[in-house]
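Novice: Can you read through this structure? Questions will come right after.
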Amino acid sequence: MTAERFDPAIADTRWQRAWDEAQCFRADDNSPKPRSYVLEMFPYPSGRIHIGHVRNYTMGDVLARTKRMQGFEVLHPMGWDAFGMPAENAAMEKQVHPGSWTRENIANMKAQLKRLGFALDWSRELATCEPDYYGQEQALFLDLYAAGLVYRKESAVNWDPVDMTVLANEQVIDGRGWRSGALVEKRKLSQWFLKITQFADDLLDGLGELDKWPEKVRLMQENWIGKSQGLQFTFNILPSPSGEGPGVGSIQTSGISLSTDPTPTPPLKERGLSSFDVFTTRPDTLFGASFAAIAAEHPLAAAVARENPEAAAFIDECRRGGTTAAEMETAEKRGYDTGLQVAHPLDPSLTLPVYIANFVLMDYGTGAVFGCPAHDQRDLDFARKYGLPVLRVVADGDLTDPVFQGNEAYTGPGKLVNSRFLDGMEVPAAKAAVIARAEAERWGEGKTVWRLRDWGVSRQRYWGTPIPFIHCEICGVVPVPKKQLPVVLPEDVDFATPGNPLLRHPTWKHVDCPQCGKPATRETDTLDTFVDSSWYFLRFASQPADRPFDPAVLAKWLPVEQYIGGIEHAILHLLYARFWTRALKHIGQIDFAEPFASLFTQGMVTHETYFRTDAANGQPVYFSPDEVTRGSDSASLKSDGSPIEVGRVIKMSKSKKNVVDPDDIVAKYGADAVRWFMLSDSPPERDLPWSEAGIEGCARFVQRLWRLFAQFDAAATGADDVKLRRLTHQTVQGVSDDVAALQFNKAVARIYALANATEKASPSPDQQTAIRTLLLLVAPMMPHLAEEAWSMIGGTGLIAEAAWPPVDPALLVEDEVTIAVQVKGKLRDTLTVAKGTPRDELEALALASANVQRALDGAEVKKVIVVPDRLVNLVI
RNA sequence: GCGGAUGUGGCGGAAUGGUAGACGCCAGGGACUUAAAAUCCCUUGAUCCUUGAUCGUGCGGGUUCGAGUCCCGCCAUCCGCACCA
């Protein structure tokens with residue numbers, strides 16, 4: 001006897017168990033079928049899955065299940081990005097071990113994912129915090145070291161003096177540590193680096209071939225890598241007019257010298273400061289130069305400041321300037337004239353003043369620039385402010401006047417003017433000419449400057465992959481021999497005091513040097529967790545116990561056919577993973593360079609906010625959806641019925657209380673309704689607004705399909721229903737295409753349309769086929785309902801392993817078409833005719849229409865446009 | 001400032017240059033019911049002189065027999081980057 005209603009509470013667990021028992025989502029390395037590797041970005045085990053994970057994994061799951069039904073051997077794995085700071089914070093706050101906290105979270109989240117019925121190969125599950133994973137990572141790190149792609153250097157880092165740890169740039173908010181609130185210091189520390197810059201050009205070029213990546217992500221990576229080509233050259237500082245030689249001592253512009261130091265500072269020249277280098281992408285405009293500017297942190301600026309308190313004060317002021325976007329935008333271009341003069345490299349008789357300027361950055365290029373105000377907006381602002389010459393050197397059409405007017409720099413193309421040997425050349429030719437001359441005369445050279453920096457991977461933390469090196473007083477930095485891997489984290493650690501527990505640990509770091517055998521110490525830094533996520537997709541495909549992966553098995557699965565995740569990883573994770581893959585190819589371990597053939601970045605799940613403005617302080621007080629009764633255009637509190645305001649639809653966040661918990665909604669509506677909601681309505685790359693009404697509609701549709709499936713009767717009879725048969729085949733084709741293109745919202749709409757038509761149809765074998773087809777089409781989206789119905793109608797085996805319905809191409813085309821009839825482009829009537837009706841016949845039918853005759857109102861038809869099977873347009 | 005995306009009913013959104021608003025949600029009306037839930041049916045862009053017509057895809061132009069779609073110029077919103085030399 002068929003149940004009246006589909007009960008997800010029973011069916012969900014039944015089929016989840018059945019899939020587990022049948023092990024049907026295990027990927028077989030040796031399968032003869034074509035392969036497909038579908039991957040979603042693995043989660044950090046924070047404790048609970050977020051609704052955003054549900055959306056992400058539902059999309060991947062539908063693709064994976066559909067591919068499986070279409071005959072592919074699908075690899076669809078899941079794991080845990082399990083190292084990271086939240087575990088250490090939990091350890092400090094709740095006195096639990098990061099490991100047990102993390103493993104408990106993993107267990108909880110795994111159960112949550114299972115409740116959603118994802119078709120995952122759990123036999124390949126991995127957690128980056130386990131030695132069998134991070135030990136192999138250490139091996140790879142040593143391989144990269146051996147290949148010269150890993151090095152150590154002293155580098156300035158953000159140091160939190162209270163927590164006694166390095167902070168990433170993202171963890172410094174307005175100059176303070178995000179946890180401690182302490183003012184962050186810059187500290188010089190020896191850090192491990194990965195040579196990502198060696199692959200800068202490669203990573204940039206590679207973007208060109210990633211045609212299945214969003215344009216947006218490629219652009220972001222391109223900007224991040226930031227390639228600039230130009231000229232680097234040297235400015236020589238001129239001896240001062242007083243004849244004392246180049247030296248700060250000669251600068252008396254301030255008129256005040258507070259220096260009481262009896263020993264005179266040696267001239268700049270003797271301190272190696274008789275010149276400085278600048279970089280420019282516009283060497284062609286060199287004859288338009290009117291000043292040189294150096295960054296406040298430039299060594300020359302520091303030298304000037306030592307003698308000149310005014311300069312020192314200015315530098316101080318620059319340092320204090322805010323770093324937030326708003327402050328930068330409003331920051332005025334300001335400078336301080338050092339009184340120094342440099343010689344123009346193309347004509348030493350020309351001299352330029354040297355400014356310390358707040359808009360010159362020490363960490364880009366050389367930390368010094370030349371200013372050509374006519375053709376650079378920033379330089380123009382600066383020149384106008386300080387009354388410097390503004391000389392035109394690129395002609396904007398006929399405008400060749402050397403005196404540049406206005407306050408908008410000209411940066412477009414043109415011919416060089418007022419530039420001696422460059423006159424008449426186009427900009428690119430002039431650039432090449434200046435570089436050639438600089439190289440011939442040995443005062444500069446063509447150079448490429450990158451924004452991309454080498455990847456600093458040292459973290460002074462416990463909960464990460466130990467960096468496999470040993471510091472020996474005699475032998476220096478020695479790699480841990482591979483047979484001693486993994487270097488395992490000690491379990492007995494103390495989080496009561498701030499700082500790195502590995503450094504404090506009484507015994508862990510003390511080891512013998514692998515080379516000389518004398519007592520030595522382990523590296524106590526651990527790797528940035530982005531290293532862990534830079535190769536997990538390889539380990540999923542192949543995870544032998546004795547090495548990171550088997551290249552022959554990788555070759556079968558990689559690159560990932562479809563990668564799905566959030567846009568927030570557009571740069572960091574996706575760039576690091578691309579780098580790591582290239583680096584492994586470079587050292588001959590794999591033979592592909594790009595890890596992800598196709599990338600899809602899904603939108604966020606959003607929700608309305610509910611709030612009331614607090615009378616006392618004017619701040620909004622937020623309420624969570626389950627405290628609120630939502631009317632059609634108002635909302636009120638459940639507790640006392642008082643009205644509250646409905647705010648903007650924004651990303652779910654705890655502070656705005658507009659969150660829904662996946663467990664709650666799965667318990668209330670069932671996994672299939674939740675999955676269906678995640679796929680409906682919004683295009684997957686856009687934000688999806690969660691709504692109570694929406695999920696209820698989805699739950700209703702689950703029941704409606706259940707009733708439809710319950711009508712299935714293989715022995716049903718009735719007249720042929722060719723229309724429904726055509727629609728059935730068209731829907732299969734359409735859903736296949738939509739799913740392949742990840743346009744799930746369109747697939748959903750088609751399924752609704754077929755369900756509507758099937759319900760309305762009269763009983764017939766065609767109707768039965770439509771029902772059975774619908775069942776197969778929704779199987780990847782609503783797998784529990786589908787299994788339950790499949791077993792009800794007597795399907796063989798699991799529907800998860802059933803074949804995708806076939807398409808008869810002959811049935812994709814209609815035999816009857818509706819033709820639009822227009823008069824002067826306006827729709828006046830429609831005609832239903834046989835497909836392929838000839839032009840003249842269509843014209844005659846159109847003219848015979850009463851509506852058309854009325855619209856024509858006796859006017860003469862001058863021209864008739866006929867598009868066969870589409871429309872007739874009568875032009876009068 | 002630079003780069004990118006988006007803009008269509010009350011809402012989410014469909015539409016190879018060819019019938020704008022598919023499909024869903026909300027809303028309204030009806031059927032069934034003692035009643036409710038559930039379900040089913042109908043209506044649902046606006047306006048008007050309602051058997052039909054006019055207007056309508058952010059705004060202003062243009063190309064075309066025909067424009068949500070193509071071109072030019074704006075506006076708004078969102079996202080990313082940012083004194084990048």
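Residues checked against (1) at positive phi; (2) touching a residue at least 24 places away in the same chain (Cβ under 8 Å); (3) in a helix (DSSP H, G or I); (4) touching a strand residue (DSSP E or B) at 6+ places or on another chain (Cβ under 6 Å):
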position	(1), (2), (3), (4)
A:R378	no, yes, yes, no
A:D381	no, yes, yes, no
A:K385	no, yes, yes, no
A:P389	no, yes, no, no
A:A395	no, no, no, yes
A:D401	no, no, no, no
A:G406	yes, no, no, no
A:A409	no, yes, no, no
A:P413	no, no, no, no
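Novice: Regarding the range A:786-799, can at least one residue be identified that is under 47 Å from the mean Cα position of the chain (by Cα), open to solvent by 70 Å² or more (accessible area, probe 1.4 Å) and not aliphatic (A, V, I, L, M)?
Specialist: Yes: one or more hits.
Novice: Of these, A:V354, A:V457, which one is under 25 Å from A:D201 (Cβ atoms) and surrounded by 22 or more Cβ atoms within 10 Å (Cβ to Cβ)?
Specialist: Exactly one of A:V354, A:V457 is under 25 Å from A:D201 (Cβ atoms) and surrounded by 22 or more Cβ atoms within 10 Å (Cβ to Cβ), namely A:V457.
Novice: Out of (1) within 14 Å of RNA strand B (Cβ to nearest atom); (2) open to solvent by 30 Å² or more (accessible area, probe 1.4 Å), the odd one out for A:V434 is which?
Specialist: (2)
Novice: Another question about this same structure. Only one of A:M109, A:M85, A:M92, A:M78 is surrounded by fewer than 18 Cβ atoms within 10 Å (Cβ to Cβ), in contact (Cβ under 8 Å) with a residue 24 or more places away in the chain and of a type outside the set (D, E, K, R); which?
Specialist: A:M92
Novice: Do we find that A:S634 is free of Cβ contacts under 8 Å to residues at least 40 places away in the same chain, open to solvent by 30 Å² or more (accessible area, probe 1.4 Å) and within 16 Å of RNA strand B (Cβ to nearest atom) in this structure?
Specialist: In short, yes.
Novice: Output the number of the condition that A:Y57 fails; it satisfies all remaining conditions of (1) among the aromatic types (F, W, Y); (2) touching a residue at least 40 places away in the same chain (Cβ under 8 Å); (3) open to solvent by 10 Å² or more (accessible area, probe 1.4 Å); (4) not in a loop (DSSP other than H, G, I, E, B).
Specialist: (3)
Novice: On to the next question. Quick one: which of A:P402, A:P413 is open to solvent by 10 Å² or more (accessible area, probe 1.4 Å) and more than 16 Å from RNA strand B (Cβ to nearest atom)?
Specialist: Numbers: A:P413 fails: more than 16 Å from RNA strand B (Cβ to nearest atom).
None of the other options fit; the residue is A:P402.
Novice: OK, next. Exactly one of these conditions fails for A:T601: (1) polar (S, T, N, Q); (2) over 30 Å from A:R453 (Cβ atoms); (3) within 16 Å of RNA strand B (Cβ to nearest atom). Give me its number.
Specialist: All conditions pass for A:T601, except number (2).
Novice: Of the numbered conditions (1) within 14 Å of RNA strand B (Cβ to nearest atom); (2) touching a Lys or Arg at 6+ places or on another chain (Cβ under 8 Å), A:F370 fails exactly one; give the number of that condition.
Specialist: Result: A:F370 passes all but (2).
Novice: Now for a different question. Checking A:L527 against (1) without any contact (Cβ under 8 Å) to a residue 40 or more places away in the chain; (2) open to solvent by less than 90 Å² (accessible area, probe 1.4 Å), which test does it fail?
Specialist: It is condition (1) that A:L527 fails.
Novice: Restricting attention to the range A:827-843, report how many residues are surrounded by 12 or more Cβ atoms within 10 Å (Cβ to Cβ) and not hydroxyl-bearing (S, T, Y).
Specialist: Kept after step one, since they are surrounded by 12 or more Cβ atoms within 10 Å (Cβ to Cβ), are these residues of the range A:827-843: A:827-831, A:833, A:837, A:839, A:841-843.
Narrowing further to those that are not hydroxyl-bearing (S, T, Y): A:827-829, A:831, A:833, A:839, A:841-843.
Total satisfying the criteria: 9.
Novice: Restricting attention to the range A:793-802, which residues are part of a loop (DSSP other than H, G, I, E, B) and under 17 Å from A:A770 (Cβ atoms)? It would help to see each step written out before you state the result.
Specialist: So in the range A:793-802, the residues part of a loop (DSSP other than H, G, I, E, B) come out as A:793-798, A:802.
Within the range A:793-802, A:I793, A:G795, A:A802 meet the criteria.
Novice: Follow-up. Among A:V457, A:V449, A:V478, which is modelled with pLDDT of 95 or more and not aromatic (F, W, Y)? Steps first, please.
Specialist: Working: A:V457 fails: modelled with pLDDT of 95 or more; A:V449 fails: modelled with pLDDT of 95 or more.
Going through A:V457, A:V449, A:V478 in turn, the sole match is A:V478.
Novice: Right, here's the next one. Determine the pairs where a residue that is over 17 Å from A:A64 (Cβ atoms), located within the range A:550-566, has a partner that is open to solvent by 10 Å² or more (accessible area, probe 1.4 Å) and among the β-branched types (V, I, T) with Cβ atoms under 8 Å apart, the partner being 6 or more residues away or on another chain.
Specialist: What qualifies is A:P551/A:I590; A:L554/A:I590; A:A555/A:I590; A:G566/A:T601.
Novice: With the requirement that a residue be open to solvent by less than 60 Å² (accessible area, probe 1.4 Å) and part of a helix (DSSP H, G or I), what does the range A:437-451 give you?
Specialist: Listed by number, the list holds a single entry, A:A438.
Novice: Can you work out which of the residues in the range A:734-771 that are of a type in the set (S, T, N, Q) and within 9 Å of RNA strand B (Cβ to nearest atom) is surrounded by the most Cβ atoms within 10 Å (Cβ to Cβ)? Working first, answer last.
Specialist: Here is the first cut: in the range A:734-771, the ones of a type in the set (S, T, N, Q) are A:736, A:743, A:745, A:756, A:758, A:762, A:764, A:767-769.
Those still in the list that are within 9 Å of RNA strand B (Cβ to nearest atom) too: A:743, A:745, A:756.
Details: A:Q743: 18, A:N745: 16, A:N756: 12.
The residue in question is A:Q743.
Novice: Conditions first: (1) open to solvent by less than 20 Å² (accessible area, probe 1.4 Å); (2) over 25 Å from A:D211 (Cβ atoms); (3) in a helix (DSSP H, G or I). A:A552 passes all but one, so which condition is the exception?
Specialist: (1)
Novice: In the range A:850-865, which residue that is more than 10 Å from RNA strand B (Cβ to nearest atom) and of a type in the set (G, A, S) is least open to solvent (accessible area, probe 1.4 Å)?
Specialist: Ranking the qualifying residues of the range A:850-865, first place goes to A:A859.
Novice: So which residues in the range A:276-290 are within 10 Å of RNA strand B (Cβ to nearest atom) and open to solvent by less than 10 Å² (accessible area, probe 1.4 Å), if there are any at all?
Specialist: A:V278, A:P283, A:T285
Novice: Taking the range A:204-218, which residues are farther than 12 Å from A:L575 by Cα and either in contact (Cβ under 8 Å) with a residue 24 or more places away in the chain or within 8 Å of RNA strand B (Cβ to nearest atom) (or both)?
Specialist: Let us first name the residues in the range A:204-218 that are farther than 12 Å from A:L575 by Cα, namely A:205, A:208-216.
Within the range A:204-218, A:E209, A:L210, A:K212, A:W213, A:P214, A:E215, A:K216 qualify.
Novice: Here is a follow-up. Determine, yes or no, whether A:S682 is among the hydroxyl-bearing types (S, T, Y), open to solvent by less than 60 Å² (accessible area, probe 1.4 Å), out of contact with any Lys or Arg (no Cβ under 9 Å at 6 or more places or on another chain) and in contact (Cβ under 8 Å) with a residue 12 or more places away in the chain.
Specialist: So A:S682 passes the test.
Novice: Assess whether A:S100 counts as being assigned to a loop (DSSP other than H, G, I, E, B), under 30 Å from A:P501 (Cβ atoms) and among the hydroxyl-bearing types (S, T, Y).
Specialist: Here the answer is no, as A:S100 does not meet what is asked.
Novice: Test A:G697 against the stated conditions and say whether it is surrounded by fewer than 15 Cβ atoms within 10 Å (Cβ to Cβ) and outside any strand (DSSP E or B).
Specialist: Here the answer is no, as A:G697 does not meet what is asked.
Novice: Taking the options A:P506, A:P519, A:P595, A:P501, name whichever one is open to solvent by less than 10 Å² (accessible area, probe 1.4 Å) and under 27 Å from A:M164 (Cβ atoms). Outline the logic, then answer.
Specialist: On the way: A:P506 fails: open to solvent by less than 10 Å² (accessible area, probe 1.4 Å); A:P519 fails: open to solvent by less than 10 Å² (accessible area, probe 1.4 Å); A:P595 fails: under 27 Å from A:M164 (Cβ atoms).
Of A:P506, A:P519, A:P595, A:P501, the one residue that is open to solvent by less than 10 Å² (accessible area, probe 1.4 Å) and under 27 Å from A:M164 (Cβ atoms) is A:P501.
Novice: Keeping to the range A:361-399, report how many residues are aromatic (F, W, Y) and open to solvent by less than 10 Å² (accessible area, probe 1.4 Å).
Specialist: Summing the residues that are aromatic (F, W, Y) and open to solvent by less than 10 Å² (accessible area, probe 1.4 Å) in the range A:361-399 gives 1.
Novice: If you don't mind, there's one more thing I want to ask. Against the condition away from RNA strand B (no atom under 11 Å from the Cβ), free of Cβ contacts under 8 Å to residues at least 40 places away in the same chain, surrounded by fewer than 20 Cβ atoms within 10 Å (Cβ to Cβ) and farther than 30 Å from A:W580 by Cα, how does A:D661 come out, does it pass? Steps first, answer last, please.
Specialist: On the way: away from RNA strand B (no atom under 11 Å from the Cβ): yes; free of Cβ contacts under 8 Å to residues at least 40 places away in the same chain: no; surrounded by fewer than 20 Cβ atoms within 10 Å (Cβ to Cβ): yes; farther than 30 Å from A:W580 by Cα: yes.
Here the answer is no, as A:D661 does not meet what is asked.
Novice: Also, quick follow-up: Quick check on my filter: what residues within the range A:568-586 are under 13 Å from A:F199 (Cα atoms) and open to solvent by 30 Å² or more (accessible area, probe 1.4 Å)? Explain how you work it out, then say what you get.
Specialist: Pass one, the range A:568-586, residues under 13 Å from A:F199 (Cα atoms): A:575-586.
Scanning the range A:568-586 gives A:Y576, A:K585, A:H586.
The values are calculated or read from the model by the stated rules, or taken from the named source; none is laboratory data. These figures come from a predicted structure and were not determined experimentally. Note: ideal-geometry Cβ built from the backbone for every residue, glycine included; neighbour counts use all protein chains shown. Heavy atoms of the whole protein, side chains included, go into the accessibility calculation; ligands, DNA and RNA do not. Shrake-Rupley method; radii C 1.70, N 1.55, O 1.52, S 1.80 Å.
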